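The values are calculated or read from the model by the stated rules, or taken from the named source; none is laboratory data. It should be emphasised that the depicted structure is a prediction, and the values quoted were computed from it without experimental measurement. FYI the Cβ positions are ideal-geometry reconstructions off the backbone, even for glycines, and counts take in every protein chain you see. With ligands, DNA and RNA removed, areas are computed over all heavy atoms of the protein, side chains included. Shrake-Rupley method; radii C 1.70, N 1.55, O 1.52, S 1.80 Å.
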Amino acid sequence: MNKPGTLSAVLHLQCPKCHEGKVFSSSNPYNLKLIAEMPEQCPLCGLDFKPEAGFYWGALYVSYGLSVLLSIILFAAMYLKWGWLVWQFLVIDSLMLIFLAPILLRYSRVLWMFLCWKFFPGRWSN
């Protein structure tokens, strides 16, 4: 069986090593009790999902970058469609980022894992 591509694995929140194992225990990002619940290892290839204490602090930077990117896209779309609407942009952007926070958390963690796996594979335990 062919291994899914990197983009497909990121979009489906799958393991950076085998591109098939699920990274999160629950598929619903809005189940706030299980929002960041992850198995210790990939169920298929055994990759350690928690290679060191504080590993996911780096995902905060990824989440910030994604939030800024989404805000810039929203601002550009609103400006091109309706002109200069600062207070409307602030309200809509705030609501959008609050609504997308659980999704951004998950994607930022997976992107951080993929970046670390790509550039520092020797730092992982297996």
Among the candidates Gly58, Gly46, Gly54, which residue alone is open to solvent by less than 30 Å² (accessible area, probe 1.4 Å) and over 14 Å from the mean Cα position of the chain (by Cα)? Gly46
For a quick check of your reading of the model, give me the residue pairs whose first member lies in the range 24-53 and is free of Cβ contacts under 8 Å to residues at least 40 places away in the same chain and on the phi < 0 side of the Ramachandran plot, whose second is of a type in the set (A, V, I, L, M) and open to solvent by 90 Å² or more (accessible area, probe 1.4 Å), with beta-carbon atoms closer than 8 Å and at least 6 apart or on different chains. none
Counted residues in the range 6-16 being out of contact with any Lys or Arg (no Cβ under 9 Å at 6 or more places or on another chain) and open to solvent by less than 70 Å² (accessible area, probe 1.4 Å) come to 2
